[in-house]
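Before any comments, here is the structure.
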Amino acid sequence: MPDLSHLFEQNRLWSEQMRAEDPAFFERLAKLQSPEYLWIGCSDSRVPANQITGLLPGEVFVHRNVANIVVHSDLNLLSVLQFAVDVLRVKHILVVGHYGCGGVKAAHDNLRLGLVDNWLRHIQDVRQKHTQLLDACADVKERIDRLCELNVIEQVLNVSHTTVLQEAWGRGQEVAVHGWIFGLTDGLTRDLHITINGQAALQETYAAALAELETFTPGAPFVPAAA
Ligand code: CO
C-alpha cells in the first residue's frame, strides 16, 4: 500500500491552523452551509475553486468535470445546479474555464482517447459553431485558447437554458450566471463579460460577449480594469 500518511498529517496541521485563527470555525460550519457561489469548473488539478478565489470552506459550492461542460441530460450537474439554486439559493453561478485545458485541446485536435471522446464531442460542437472566429486566429495555440473561451461562453448559455434557471428567473429569484477563464501561466482570472441574470437580455449579452472576444488576442495576459 502506498503511504498516504503525509496527507493525514497535512490535514491535521490545516485543521489546527484553522482553529487557531477561528476557534469556532468548524462548529459553525458543521451547522450550516450558505454559500453565495456555485462554481462549475474543469476537473484539472491546477484549477482549484477555493484557492483561486480565496474562499473558505462553506463559501463556494463546487461542481467540476472534464472541460467544464454543461450537458442538458447530465443528471449529476443538474442535481448540483438545482440544489444550489433552489435550496442553497446561491446568488452567482461561475462557469470557469481555463487556458491550456487538456480536454479542449484533445477535442480541438480530434484525439482518440476513449470513452471521454464522447464527452468532448460537446466541445467539437462548439468548435463547429464558431468556425469563423476560430479561423481568424493567428496560430494553433491561439485557436485552442479561443476555443477555451468560446467553450465557457457556450456553457454559460447552457446553464441559462436549464429548467432550473428558467424557473428561478420566472419566479423572480436573483441569480446570475457568469463566464470566467483562468490563466495557468499567471494565476489570474478574466471575466469574459457574459453575465446573464434573466431571460430578457440573454441573446444580446451572448452576442456582445462573442463580439468582445474579437477585440482581444486569445489567451492574452489579463489587464485589470482601472479602478
Ligand atoms: Co481543463
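Among the residues making up segment 91-105, those that are more than 16 Å from the ligand (Cβ to nearest atom) and surrounded by fewer than 22 Cβ atoms within 10 Å (Cβ to Cβ) are Lys91, His92.
Quick grid of which residues meet (1) acidic (Asp, Glu); (2) farther than 16 Å from Gly97 by Cα; (3) in contact with a Gly (Cβ under 9 Å, 6 or more places away or on another chain); (4) not in a loop (DSSP other than H, G, I, E, B):
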position	(1), (2), (3), (4)
Glu142	yes, no, yes, yes
Arg146	no, no, yes, yes
Glu149	yes, no, yes, yes
Asn158	no, no, no, yes
Glu167	yes, yes, no, yes
Asp186	yes, no, no, no
Asp191	yes, no, yes, yes
Ala207	no, yes, no, yes
Thr215	no, yes, no, no
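Taking (1) more than 18 Å from Val70 (Cα to Cα); (2) part of a strand (DSSP E or B) in turn, Leu134 satisfies each apart from (2). Just give me the residues in segment 62-78 being small (Gly, Ala, Ser) and either under 16 Å from His178 (Cβ atoms) or away from the ligand (no atom under 14 Å from the Cβ) (or both), in sequence order. Correct list: Ser73 only.
Any residue at all in segment 29-42 that is within 12 Å of the ligand (Cβ to nearest atom), in contact (Cβ under 8 Å) with a residue 24 or more places away in the chain and not hydrophobic (A, V, I, L, M, F, W, C)? Looking through segment 29-42, at least one residue is within 12 Å of the ligand (Cβ to nearest atom), in contact (Cβ under 8 Å) with a residue 24 or more places away in the chain and not hydrophobic (A, V, I, L, M, F, W, C). With the requirement that a residue be assigned to a loop (DSSP other than H, G, I, E, B) and either at pLDDT below 95 or over 13 Å from His98 (Cβ atoms) (or both), what does segment 20-56 give you? Asp22, Pro23, Ala24, Leu32, Gln33, Ser34, Pro35, Glu36, Gly54, Leu55, Leu56 - these are the residues of segment 20-56 that are assigned to a loop (DSSP other than H, G, I, E, B) and either at pLDDT below 95 or over 13 Å from His98 (Cβ atoms) (or both). Of all the residues in segment 89-117, those that are in contact (Cβ under 8 Å) with a residue 12 or more places away in the chain and outside any loop (DSSP other than H, G, I, E, B) number 15.
The values are calculated or read from the model by the stated rules, or taken from the named source; none is laboratory data. No experiment lies behind these values; they were computed from the predicted model shown. Backbone-built Cβ (ideal geometry, glycine too); neighbour counts: all protein chains shown.
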